[in-house]
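As structure tokens, the structure follows; a few thoughts come after it.
Every number here is computed from the coordinates shown, using simple stated rules; none is lab data. These figures come from a predicted structure and were not determined experimentally. Cβ atoms come from the backbone with ideal geometry, glycine included; neighbour counts cover every protein chain shown.
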Amino acid sequence: MMPGDFSLDVNDFAIHRLVFASQTQYQHGTLSIEREALLAAIAEPQIVSNIEVHLAHPGESCRIVHVLDAVESMVKLSGRSTVYPGHFGSAIPAGSGRNHRLQGLALLVSAEFPEPTSGALSPHESIVDMSGPAAPYCAFSDTANVVLVCHPAPSVTNAEFDAGLHRVKLKAAVYLAQATAALAPETWQTYALTPTEPELPRVVFVDQLHQQGLMAQTFLYGKHTQGLEPTLLHPNEMLDGALVNGNYRQPGRAITYAHSQSYMVRELYRRHGVDIHFRGVVIGRGWQETQFLKERQGWMMARVARLCGADVAIITADVGGTGGNNTIDFMQTIKACEHMGIRTVAIMQESGNPDGSEPTVVDHVPEADALVSVGGIGWRIPAAPAVERVIGGETVRPNLADEPQDASGPLDVGCWYGAIWKRSEIGLSAVDA
Amino acid sequence: MTQSLRVVHFINAFYGGMGGEEAAQTPVQIQDGVAGPGRLLAQRLGDQAEIVATIICGDGYFSAYEDEVADWVMTRLQALRPDVFIAGPAFRSGRYGLSCGRLCLEAERAGIPAVTGMHVENPGSDLYRGEHLYIVATEASAVGMSQAIERIAALALKRGRSEAIGTAAAEGFLPRAVRRTVPSGRPAAERAVEMALRKWRQEPYTSEITIETFEVIPPPSPLPDLSTTLCAIVTESGLVRTGNPDRLPSAGATHWAAYSIAGMHRLVPGEWDAVHGGFDNTAALQDPNRVVPLDALRDLERQGKIGRLLDELFVTVGNMGSLNAMKRIGAEIAAVLQQRGVGAVIVPAT
């Protein structure tokens, strides 16, 4: 392998069952977890006083509450850098070598912050039901889940606690995958942007990230993206976890798992050399502060896309979560791409009320003439019944304006955890009716 | 055997066989049974529905006496209580489209399902689609009568029987500003790449979201003399009295609140909360005057640069607000401001 290569082998180990045991090991689809060894590997005693480890499987009468993020469990066994680069030392460009990945397992972090929060910079309630009518519409109802319920040490600040939570989840992600280090993989795939027929259209994935501040941010190579100018990522860097989520707002939050398992990266890789030439991923931050900066953001995104030769751009914001303010940056990016000669398609959520009679998009430009909808966030799914077991807390507050309610009781929630991402994956859309 | 539905049909004087432009001033009238295109409509409805009466009005007469005609028609509809009201089709005829739209809207408001038909460029379509009316898409002229009547009849039967209505594309009506979330059967990523390739190859494709058109609001002309003008503060910042007595939500507000600022020189921290969920509220809590600049406005008032500040502060939450709710809230607050004789409004945003 050449030093500057971006060729990545991903070896997958399918996980169907999780159990606690006296030794952490992988065997025939079952991951046994030695709780004490896991806790020792991920401890952040100055910041996180206590970590509970829980397991949840699809179909169980189980609800996970106060979910902040979810990550894929993976480890880099050879190649430059590490998985989740920038979080384990130097920010060496990732995207090469050989990874082991636990497929079908998600590592969830559940926590409540120690200090009061306000306005845009406060976490919103996020709930996963492992069975029942809500399960098809929330993320991680179909994965075997290791849930880390984290409690803050006395007198730590929200910022310190948040930084600690990122370290805990990423160390856990590596620790669990390490169990497969000595094993031969069951399935593997090599990811590389190999040469294609020259006539295929050159496609970039343009990903607008969420960055407003603590509780509402995205990390690139271990640093928040405040001030980030649009830049280019190799898709393998995405697969390696170059983007880590620190955004806890609902429902348009991009989960770390949804970045490393990006549906656009997977789809564009699948078609690379078939009917497209996948050129790379352009990232930049949305939620710019002024109209000038939003327009500038659009032009800077389009500029990078064009400089890497794009004929076509597919754009998402926070994995489909185009809600308010960030829709303006998003539309400006579409406009700029079209003006730079790039044919652009954008994936959007729709707002509006349950019966769909309110306008659903807060901003548009005439250039945005090819939009894919992932459905309306006001769309109601049936209320969930009571559950036998709750992980993460005793009460929930789906709406900040309401009083907390019993976490195990029946719940009528508009958007469950990862709703927009899930809706994109299962193929919800919206029509004029 | 389902019972036959009762239908009232509305057409203009031209389609009522009364003549061309010379009949445009024909006053509104009603007759038993069918007239004009109602015959074809009756055929299509078959034994499933009966047109019990036809209302006819000249286009010119309607535009001259729109409200009076609407009242007249509604009185008749209240008496006849049809299961469904059908108007037109109006094709691209502008005045006819406006009358069909207005009467359908009145019928819907009275709880009578209504269906009309127009060409997409009919001004009645622009005006009434946003009111969620069912307007079947037609050709520009009566060349498309047969297809239009067929679709109108099919949709009218469904609406009269309160049956589930399909999508705009399936039923053949114009998008009416109602969005329904549905499974597409394929992940967003697949659909996006396919749409992108079609766009790149310059092949036809269909955007899944109809572009909204937004009303352009021209800025008002400057006031000649602010020093004699009563000014008011209206804000969407969610700055509320401590404890949020009016229960304004942090997002998606559907109401507003008014607070007295009489005698206050500035907003005192601790007496105000910020409930808006779309910005970091810390600075607003530390000094509410930085969101609602009462201190600065009182200075201007003292210096005589503005006439006087109204004693009430009007507040809602703009975060994730729906356009329709915000329009209503704006109109409600504006009505109060007008009542108070306010001549200028300062709208600090977030």
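Once a ≥ b ≥ c are taken as the square roots of the eigenvalues of the Cα gyration tensor of segment B:184-264, is the result rounded (a/c under 1.5), prolate (a/b larger than b/c) or oblate (a/b not larger than b/c)?
In terms of gyration-tensor shape, oblate.
Looking at B:Cys104, B:Gln31, B:Ser146, which one has the Cα that reaches farthest to the positive end of the dipole of segment B:5-171 (charges on Cβ: Lys, Arg +1; Asp, Glu -1)?
Most positive-ward Cα: B:Ser146.
When the helix-only estimate is applied to chain A (DSSP H runs of n ≥ 4, each -39,500 (n - 2.57), divided by the residue count), what is the mean residue ellipticity at 222 nm, nearest 500 deg cm²/dmol?
Helices in chain A give a 222 nm mean residue ellipticity of -6000 deg cm²/dmol.
Output ³J(HN,Hα) for segment A:269-274: one whole-Hz value per residue in order, computed from phi by the Karplus curve 6.51 cos²θ - 1.76 cosθ + 1.60 with θ = phi - 60°, and x for Gly and Pro.
My calculation for segment A:269-274 gives 5, 4, 9, 4, x, 8 Hz in order.
How far apart, in nanometres, would the label points at A:His151 and A:Gln291 be if each is projected 7 angstrom from Cα along the Cα-to-Cβ direction?
5.2
Would you list the P(r) distribution for segment B:107-192, with all Cα-Cα distances sorted into 10 Å bins from 0 and each bin expressed as a whole %?
16, 44, 27, 11, 1
First check a/c for segment A:240-325, with a ≥ b ≥ c the square roots of the eigenvalues of its C-alpha gyration tensor; if it is under 1.5, answer rounded, and if not, answer prolate when a/b is larger than b/c or oblate otherwise.
oblate
In square nanometres and to one decimal, what's the mean projected area of the convex hull around the Cα atoms of chain A?
20.6
Can you tell me the dipole magnitude for segment A:336-433 around its Cα centre, using point charges on the Cβ only (Lys, Arg +1; Asp, Glu -1), in Debye to the nearest 20? If you can, show how the numbers build up before the last one.
Numbers: 6 positive and 15 negative charges, 67 e Å.
Once rounded to the nearest 20, the dipole reads 320 debye.
Mind checking the dipole of segment A:8-119: about its Cα centre, +1 per Lys or Arg Cβ, -1 per Asp or Glu Cβ, Debye to the nearest 20? Don't jump to the answer; show the numbers that get you there.
Numbers: 7 positive and 11 negative charges, 84 e Å.
Charge dipole of segment A:8-119: 400 debye, to the nearest 20.
From zero outward in steps of 5 Å, how is the percent of C-alpha pairs of segment B:151-207 spread across the bins?
Calculated over all Cα pairs of segment B:151-207, the distribution is 4, 14, 18, 17, 16, 13, 8, 7, 2, 0 percent.
Just to confirm my numbers, what's the Cα centroid distance between segment A:85-113 and segment A:193-211 in Å?
Their Cα centres are 23 Å away from one another.
Tell me, what are the semi-axes, in whole angstrom and largest first, of the equivalent ellipsoid of the protein assembly as shown as set by the roots of 5 times the Cα gyration tensor eigenvalues?
In descending order the semi-axes read 51, 35, 26 Å.
Can you work out the Karplus-derived ³J(HN,Hα) for every residue in segment B:80-87? Use 6.51 cos²θ - 1.76 cosθ + 1.60 with θ = phi - 60°, whole Hz, and x for glycine or proline.
Rounded to whole hertz, the list is 7, 6, x, 6, 7, 10, 10, 10.
Past 19 Å, Cα to Cα, is the threshold; run A:Lys76/A:Lys169; A:Lys294/A:Lys422; A:Lys169/A:Lys223; A:Lys223/A:Lys335; A:Lys294/B:Lys327; A:Lys335/B:Lys199 against it and keep the listed order.
Checking Cα-Cα distances, A:Lys294/A:Lys422; A:Lys223/A:Lys335; A:Lys294/B:Lys327 exceed 19 Å.
Choose one answer from B:His119, B:His255, B:His132: the residue with the largest mean-square fluctuation in a GNM of chain B with alpha-carbon springs under 10 Å.
Among B:His119, B:His255, B:His132, the largest mean-square fluctuation in the Gaussian network model of chain B belongs to B:His255.
Non-local amide H neighbours of B:Phe173 (under 5 Å, H modeled in plane, Pro and chain starts lacking H): which ones?
Amide H neighbours of B:Phe173, under 5 Å, 5+ apart: B:Ala137.
Please state the charge dipole magnitude for chain B, taken about the Cα centre, from unit charges on C-beta atoms (+1 on K and R, -1 on D and E), reported in debye and rounded to the nearest 20. Provide the component values of the computation, followed by the final result.
Working: 33 positive and 39 negative charges, 125 e Å.
In total the dipole reaches around 600 debye.
May I ask for the Kirkwood hydrodynamic radius of segment B:5-171, worked out over all distinct Cα pairs and given in angstroms to one decimal? Walk me through the numbers before you get to the answer.
Working: mean 1/r = 0.0655 Å⁻¹.
Its Kirkwood hydrodynamic radius stands at 15.3 Å.
Find the all-direction average of the projected area of the Cα convex hull for segment A:1-67, expressing the result in square nanometres with one decimal place. Display every interim value, and only then the final one.
On the way: hull surface 32.9 nm².
Spelled out: convex hull of the Cα atoms, projected over all directions, averaged, 8.2 nm².
Where a ≥ b ≥ c are the square roots of the eigenvalues of the C-alpha gyration tensor, would you call segment B:1-92 rounded, which needs a/c under 1.5, or, failing that, prolate if a/b is larger than b/c, or oblate?
oblate
Starting from the amide H of A:Gln217, placed 1.01 Å from N in the peptide plane, find each other amide H under 5 Å away whose residue is 5 or more places distant or on another chain.
When sequence neighbours closer than 5 places are left aside, the close amide H contacts are A:Gln212, A:Gly246, A:Asn247, A:Tyr248.
Just grab the label-to-label distance for B:Gln31 and A:Arg397, each label 7 Å out from Cα along the Cβ direction, in nm (one decimal).
In this crude spin-label approximation the distance works out to 6.9 nm.
So for segment B:226-346, what are the equivalent ellipsoid semi-axes in whole Å, largest first, each being the square root of 5 times an eigenvalue of the Cα gyration tensor?
Working: eigenvalues 106, 69, 23 Å².
Those come to 23, 19, 11 Å.
If amide hydrogens are placed 1.01 Å from N in the peptide plane, which non-local residues have theirs closer than 5 Å to the one on B:Ile306?
B:Glu301
What list of ³J(HN,Hα) couplings, whole Hz, do you get for segment B:47-53 from phi and the Karplus terms 6.51, -1.76, 1.60, once you set θ to phi - 60° and write x for glycine and proline?
8, 8, 7, 10, 7, 7, 7
Test of understanding: express the Cα radius of gyration of chain B as a ratio to 2.2 N^0.38 Å, with N the residue count.
1.31
Would you kindly calculate the mean projected area, averaged across all directions, of the convex hull enclosing the Cα atoms of segment A:1-129, in square nanometres?
That works out to 10.7 nm², a quarter of the Cα hull's surface.
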